[in-house]
Amino acid sequence: EAGVTQSPTHLIKTRGQQATLRCSPISGHTSVYWYQQALGLGLQFLLWYDEGEERNRGNFPPRFSGRQFPNYSSELNVNALELEDSALYLCASSLERNRTPNYGYTFGSGTRLTVV
Amino acid sequence: AQKVTQAQTEISVVEKEDVTLDCVYETRDTTYYLFWYKQPPSGELVFLIRRNSFDEQNEISGRYSWNFQKSTSSFNFTITASQVVDSAVYFCALSEVVRDDKIIFGKGTRLHILP
């Protein structure tokens, strides 16, 4: 079974540009979560999508947005990039929690975004 | 508010020593889940364990063991006979089932196992 896949692995952008990160969940998983792991800040919750809808978002500005497609894959878009957006962005998937007794996330390897 | 504190930022031990990673959490809910994840240098987070708030039974899996104590709001993780491959960042995490679905992570403990 393929795990959670994220692309690209690395991304270098200039301040002010836009970045698009992609995530494919494990087959059968309907929920996708995005986390930002900046140096020294641990993992910060960004967004949760389930069945194509945004269910929850963390304390991030509106220039962080995303969407989930009918095949449950997801995109994270970061507009007007700032230097402090440089981080590892991790995607995780799970079955919507009410449908699984083994609730937990499976993470991808992440996209390392560098803003210069 | 929910919060996870891993007071140990970085730990170094010599191979074959035992090491305990501390985790203290805060929550107002009576139903919640606690997790431990391992993040090796490759970056991918590896799920290690999930416990629900009603199950305080300690668990052992090979060289790994977990001590869950609701009275002190702690969920500590012990590695016995540590190995170099255990070197990684370890995250403790909390999910409040009723209030929210997201998992809140501690800041992690970087573990160095020295040969």
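Residues of segment A:28-69 that bury at least 50 Å² of accessible area once all protein chains are present, compared with their chain alone (1.4 Å probe, heavy atoms only, ligands and nucleic acids left out), are A:Leu43. For chain B, with all protein chains in place and a probe radius of 1.4 Å, 49% of the accessible heavy-atom surface sits on carbon or sulfur. Sorted from greatest to least, the principal axis extents spanned by the alpha carbons of chain A come out as 42, 28, 26 Å.
Derived from the Cα gyration tensor, the three semi-axes of the equivalent ellipsoid of chain B are 25, 15, 12 Å, largest first. Within the straight-line cut-off of under 20 Å between alpha carbons, the aspartates and glutamates reachable from B:Lys102 are A:Asp50, A:Glu51, A:Glu53, A:Glu54, A:Glu75, A:Glu96, B:Glu26, B:Asp29, B:Glu44, sequence neighbours fewer than 8 places apart in one chain being disregarded. The Cα atoms of the protein assembly as shown define a convex hull whose projected area, averaged across directions, is 12.8 nm².
Of the heavy-atom accessible surface of segment A:1-103 (probe 1.4 angstrom), what whole percent is carbon and sulfur? Using a 1.4 Å probe with all protein chains present, segment A:1-103 comes out at 48 percent carbon and sulfur.
Could you tell me the relative contact order of chain A? Use alpha-carbon pairs under 8 Å, at least six residues apart, and round to a whole percent.
Details: 296 pairs, mean separation 42.3, N = 116.
In percent, rounded to a whole number, it is 36.
Solvent exposure of the protein assembly as shown, expressed per residue, is 48 Å² of accessible area, with all protein chains present and a 1.4 angstrom probe. Once both labels are positioned 7 Å from their Cα atoms along Cα-to-Cβ, the gap between B:Val13 and A:Ile12 label points is 4.0 nm.
State the percent of C-alpha pairs, over all pairs in segment B:1-66, separated by a distance greater than 18 angstrom.
Working: 1063 of 2145 pairs.
Tail of P(r) above 18 Å: 50 percent of Cα pairs.
Of the residues in segment B:48-67, those shielded by at least 10 Å² of accessible area once partner protein chains are present, compared with the chain alone at a 1.4 Å probe, are B:Arg50. Accessible surface buried by the B/A pair amounts to about 1700 Å², both sides summed, 1.4 Å probe.
Based on the mean of other beta carbon atoms within 10 Å per residue, what is the order of B:86-93, B:9-16, B:23-30, most packed first?
On the way: B:86-93: 22.6, B:9-16: 12.4, B:23-30: 16.1.
Per-residue mean Cβ counts within 10 Å order the peptides as B:86-93, B:23-30, B:9-16.
The charge dipole of chain A, taken about its Cα centre with unit charges on the Cβ of Lys, Arg, Asp and Glu (plus for the first two, minus for the last two), comes to roughly 160 debye.
The values are calculated or read from the model by the stated rules, or taken from the named source; none is laboratory data. No experiment lies behind these values; they were computed from the predicted model shown. When we count neighbours, we look across all protein chains shown, and the Cβ atoms used for this are built from the backbone with ideal geometry, even at glycine. To get the accessible areas, we keep the full protein, side chains included, count just its heavy atoms, and leave off ligands, DNA and RNA. Shrake-Rupley method; radii C 1.70, N 1.55, O 1.52, S 1.80 Å.
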